[in-house]
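Chemist: One structure, pasted below without further comment.
The values are calculated or read from the model by the stated rules, or taken from the named source; none is laboratory data. Small disclaimer: the values here were computed from a predicted structure and weren't measured. Cβ coordinates were reconstructed from backbone atoms using ideal geometry, including for glycine residues, and neighbour counts include every protein chain displayed. What goes into the accessible areas is simple: the full protein's heavy atoms, side chains included, and nothing from ligands, DNA or RNA. Shrake-Rupley method; radii C 1.70, N 1.55, O 1.52, S 1.80 Å.
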Amino acid sequence: MKMFCFLSICLFTGLANAQTILTLQPGADEGKDAKIWSVEPNVNFGDFTEIRAMAWTWFGDPGIERTYLAFDLSKVPENAEICYAYLSLYANDTTSSQTNSSLSGPNICVLRRVITPWEEDLITWLDPPSVTNVNEVTIPESEEEFEDVLNIDVTDLIVDMVADPLHGFGFEIRLAEEEYYRRRVFATSDEPDSTHHPKLEICFTVPVILSTTDDKSPEIKIYPNPAVSQAGIMFQNVPEQNVHVIIYDNFGKRLFTETVLITSPHQSFVIPENWLATLSNGIYHVQVYGSNFNTIKELVILK
């Protein structure tokens, strides 16, 4: 299952910032989530279909389960200002035999920031990543056996991850009180139903360069413009980085997206001719953003 990644943009007249909404809901191929289990401390559960925060007994043996979950935040520029970030977790009610339980007390959970690297196919109870409780977020007690929890406000955690990527490796989900018998269950990205995969929505802004006379400032040009059969983007004074190019139609629908690796202060990117040929005459909007700029240009197609 490929990653679902949606970018939309809202422009506000007179403001110097563009607001971008990034929605991440990866499937099994791109998703990163795994549980760890104290009863089988050497076993990796990287392809498990359930997010579990749990304290229980198995044939009389007590045990704890926790889950780690991460999203690819590479499309969020380092200088971005996070407007909000919402995490949605969905019930695993199609394949799971486990249900939410507060048998011995509330199954309240906490989300904590993971601060050391981990690998989905290697993590075990004996080798978990480190976490911090700074800005931890609480998931309230469940009210139903199977329950979606939507739009959990993880803004402060995402701000911390973007500001300090060397200590931002996703979330740990565990019971607030790991007392037997309490259990919270959601679906992972390995769940067959893609609508139940964990989803993260991030809204952010970065400075928009509308015009500049400073030779040292990043400058973006569309050429030729109007375009007939060929068009490209010229990058000037852009430092080495990944730059994201998104083209929208006049209704705000995203038509094209590409990531360009900038290796030279003066570099160009040619929009694929076969794709350009599919466009009708009209005005299109080209968003180009990197770690230190975000600009929007018009591309006129005139065949």
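Chemist: With no solvent and one point on each alpha carbon, what is the Debye value of log10 I(q)/I(0) for segment 36-169 at q = 0.12, 0.19, 0.20 Å⁻¹?
Modeler: -0.54, -1.30, -1.40
Chemist: Given Cβ point charges of +1 (Lys, Arg) and -1 (Asp, Glu) and nothing else, what value in debye, to the nearest 20, does the dipole of segment 114-163 about its Cα centre take?
Modeler: 380 debye
Chemist: Only four residue types carry charge here, +1 at the Cβ of Lys and Arg and -1 at the Cβ of Asp and Glu. Report the dipole size of segment 17-65 about the Cα centre in Debye, rounded to the nearest 20.
Modeler: Dipole of segment 17-65, to the nearest 20 debye: 160 debye.
Chemist: Can I ask one more? Taking amide hydrogens as modeled 1.01 Å from N in the peptide plane, which residues meet the under 5 Å criterion relative to residue 130, leaving out close sequence neighbours?
Modeler: 115, 116
Chemist: Separate question: Alpha carbon centre of segment 34-89 versus segment 120-143: separation in Å?
Modeler: First find each Cα centre; the distance between them is then 6 Å.
Chemist: Would you mind pulling out the separation of the Cα centroids of segment 155-209 and segment 226-265, in Å?
Modeler: What the calculation gives is 30 Å, centre to centre.
Chemist: While we're looking at this one, here's another question. Work from the charge dipole of the chain (Cβ charges, +1 for Lys and Arg, -1 for Asp and Glu, about the Cα centre) and give the residue of 68, 274, 192 farthest towards its positive end.
Modeler: 274
Chemist: Relative contact order for segment 17-89: what percent, with Cα pairs under 8 Å and sequence separation of 6 or more?
Modeler: Rounded, it is 28 percent for segment 17-89.
Chemist: Further, regarding this structure: First select every other residue whose beta carbon is under 9 angstrom from the beta carbon of residue 92; then total the charges, Lys and Arg +1, Asp and Glu -1.
Modeler: Details: positive: none; negative: 50, 93, 191, 193.
Once positives and negatives cancel, what remains is -4.
Chemist: Which number gives the lysine pairs in the chain that have C-alpha atoms under 16 Å apart and are eight or more places apart or on different chains? Spell out each step's value before the answer.
Modeler: Details: 2/32; 2/199; 32/199; 75/199; 221/297; 253/297.
Counting lysine pairs in the chain gives 6.
Chemist: Spin-label point model (7 Å from Cα, Cβ direction): what's the residue 144 to residue 98 distance in nm?
Modeler: It is 2.0 nm.
Chemist: If you don't mind, another one. Before rounding to the nearest 500, sum -39500 (n - 2.57) across all DSSP H runs of length at least 4 in the chain and divide by the residue total; then give [θ] at 222 nm in deg cm²/dmol.
Modeler: Numbers: 2 runs with 13 residues, N = 303.
Helix contribution divided over all residues of the chain: -1000 deg cm²/dmol.
Chemist: Please state the relative contact order of the chain as a whole percent: Cα pairs under 8 Å, 6+ residues apart?
Modeler: Details: 780 pairs, mean separation 64.8, N = 303.
Once normalised by length, the contact order is 21 percent.
Chemist: How large is the translational diffusion coefficient of the chain in µm² per second when you combine the Kirkwood radius over alpha carbon pairs with Stokes-Einstein at 25 °C and 0.890 mPa s?
Modeler: Value of D from the Cα-based Kirkwood radius: 115 µm²/s.
Chemist: In whole Å, what are the Cα extents of segment 92-159 along the three principal axes, biggest one first?
Modeler: Ordered largest first, segment 92-159 gives principal extents of 34, 28, 24 Å.
Chemist: May I ask you to compute the full-extension gain from residue 58 to residue 122, defined as 0.36 nm times their residue separation minus their alpha-carbon distance, rounded to one decimal in nm?
Modeler: Values: separation 64, 0.36 × 64 = 23.04 nm, distance 2.35 nm.
Here the segment from residue 58 to residue 122 would lengthen by 20.7 nm.
Chemist: If ligands, DNA and RNA are left out, what is the accessible area of residue 275 with a 1.4 Å probe, given in Å² to the nearest 10?
Modeler: 50 Å²
Chemist: So, R0 is 25 Å and r is the distance between the beta-carbons of residue 163 and residue 261; what FRET efficiency does that work out to, to 0.05?
Modeler: Details: r = 24 Å, r/R0 = 0.94.
Here the calculated transfer efficiency is 0.60.
Chemist: Still on this structure, I have one more. Run the dipole for segment 38-126 about the Cα centre, Lys and Arg Cβ at +1, Asp and Glu Cβ at -1, nothing else charged, and hand back the magnitude in debye, nearest 20.
Modeler: For segment 38-126, the charge dipole is close to 340 debye.
Chemist: Also, I was wondering about something else. Short version: ³J(HN,Hα) in whole Hz for each residue of segment 133-142, in order, from phi by Karplus 6.51 cos²θ - 1.76 cosθ + 1.60 (θ = phi - 60°), x for Gly and Pro, what are they?
Modeler: 8, 5, 6, 4, 10, 9, 9, x, 4, 6
Chemist: Which whole-Hz ³J(HN,Hα) couplings does segment 247-256 yield from phi under the Karplus relation 6.51 cos²θ - 1.76 cosθ + 1.60, θ = phi - 60°, glycine and proline marked x?
Modeler: Using θ = phi - 60°, the values come out as 10, 10, 7, 6, 9, x, 7, 6, 10, 8 Hz.
Chemist: Give me the one-decimal nm value for the distance between modelled label points at residue 83 and residue 250, 7 Å along each residue's Cα-to-Cβ direction.
Modeler: Each label point is offset 7 Å from its Cα along the Cβ direction, giving 2.4 nm.
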